[in-house]
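Structure, as structure tokens:
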Amino acid sequence: MTKEEIKQRYYYSSIEPTKQRLNDILGICKTFQEEGKDRLIYAFGINLMDAEAVERLTNFISEACCKMEQELRRVKRLSDKMVHAYEFATDCNNYFNVVEEALSKIRSHMSPLKKLLERTSPNIHPDKNECKQFGIESKSVFDESVLNGNVCYQKDLFGLESFPTEVSGLYKELSKFFQMEEECMRLCLANIELESNIRKDPKITNAIWKNYFQKTIDKLSSTIMLISDDTIEMLKCICPAYKSYINCSSEEIFAQKNYHEHNVCNADHLCLILRYKKYKKYTDEELALWGDDTETINKARIVIANFDLLLPEDFSHKDMGRYQFLFCMVFQPNNIKKANLYFRNHYNGKYKTTKESGVNKHRSSYDGNSKEVMDFKSKIVSLLDAKSKNEVNYSLG
């Protein structure tokens, strides 16, 4: 059995998926910045590395740095997109959920680190039989490498300058390597901590969910009106996010439990389902007039249902067209024609409604600051305030 085979059985290089292990790696990076030259020299001594082996290791680290640089840019980009942008759902949700997932995404950083720690761990160790005979457990290269600040070493009297140029070249590459390694570890740890803190606060996750919901609805507003009942029923059956939503007692609980648990497609489908259910309460005519502004639709319904109460005591039927115009100016001044048609379709009071021509003629004499207009608006505010306090749900007849 070769020394390398024995070594592989004695040391293990797998990384425990814990924040402590990430902090251990940070410690190794810091140790290298402070004592890297001396510890590197000591590692050469205990492992008897010749110039050729040093050059091979230098080339390996140099190639690793190129890959690490690309991966570090990706980690930064995902960090900005996922955590710092406070997105409720992404297509790489678990990236910073747990340490294990983060580690699986930074292999270009971990693989060369493990090999380097293996090469700087002592070669003097028990063989496989001795380990078995005396019950010696294998040890982690993260704990045993000379580059670990907790491992004792002897400082060389002459320093790095007394070694061949190949050693100086390796040290230079390792300096770049550990600089990027440290940046990556700090970024992952900070994001894991931030994600954990976000998950702990239901108010934050709920706000993130509401923001995501609104952005998604704005993005899909033209699609919602084209969706059929059958499509929504199909989505309910296949959408994991919807199944989770209906099993939560409140939106706040849903948001906290499901933050970064669903991909964009599933989360968007949930938004469609919820908004479609809301849209079912409103007519195509209302959605065409006011779009997603359901609050204005509800107010317009209440005002029309109670319109006669808003008219002055000396009201005469000949003034109906003027007050219809005032209604249109309050609720949809950009489309008087459609707003008036909506009013006529749903007004069930004691007066006869006026057609478009009888309404439009009041445009030229309209004064938004007149007493008549101000009184009408004031009565609308009082009516809506009273209905809101009584929590009455009015719908059109």
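Filter segment 204-235 for residues that are farther than 24 Å from Trp290 by Cβ, touching a helix residue (DSSP H, G or I) at 6+ places or on another chain (Cβ under 9 Å) and either loosely packed, with under 15 Cβ neighbours inside 10 Å or hydrophobic (A, V, I, L, M, F, W, C) (or both) and give the result.
Ile204, Ala207, Ile208, Trp209, Leu235
What are the pairs, 6+ residues apart or on separate chains, where a residue within segment 260-283 that is without any contact (Cβ under 8 Å) to a residue 40 or more places away in the chain has its Cβ under 7 Å from a residue that is assigned to a loop (DSSP other than H, G, I, E, B)?
Pairs found: His269/Cys239; Leu270/Cys239.
Across segment 336-362, what is the number of residues that are in a helix (DSSP H, G or I) and under 19 Å from Ile297 (Cβ atoms)?
11
Looking only at segment 244-272, count how many residues are out of contact with any Cys (no Cβ under 7 Å at 6 or more places or on another chain) and surrounded by 13 or more Cβ atoms within 10 Å (Cβ to Cβ).
19
Which residue out of Lys7, Lys30 is at pLDDT below 75 and either part of a helix (DSSP H, G or I) or more than 44 Å from the chain's Cα centre (by Cα) (or both)?
Testing whether each residue is at pLDDT below 75 and either part of a helix (DSSP H, G or I) or more than 44 Å from the chain's Cα centre (by Cα) (or both) leaves just Lys7.
One residue is enough: does segment 195-203 have a residue meeting the conditions surrounded by 14 or more Cβ atoms within 10 Å (Cβ to Cβ), at pLDDT below 90 and within 30 Å of Thr58 (Cα to Cα)?
no
Considering every residue within segment 320-335, establish whether at least one is part of a loop (DSSP other than H, G, I, E, B), among the β-branched types (Val, Ile, Thr) and either touching a residue at least 12 places away in the same chain (Cβ under 8 Å) or under 28 Å from Leu272 (Cβ atoms) (or both).
So far as segment 320-335 goes, no, none of its residues is part of a loop (DSSP other than H, G, I, E, B), among the β-branched types (Val, Ile, Thr) and either touching a residue at least 12 places away in the same chain (Cβ under 8 Å) or under 28 Å from Leu272 (Cβ atoms) (or both).
Which of the residues spanning segment 39-96 are at pLDDT 75 or above and polar (S, T, N, Q)?
Thr58, Asn59, Ser62, Gln70, Ser79, Thr90
The values are calculated or read from the model by the stated rules, or taken from the named source; none is laboratory data. Just so we're clear, the structure is a prediction, and the values are computed from it rather than from any experiment. Quick reminder, even Gly has a Cβ in these numbers, built from the backbone with ideal geometry, and neighbours come from all protein chains shown.
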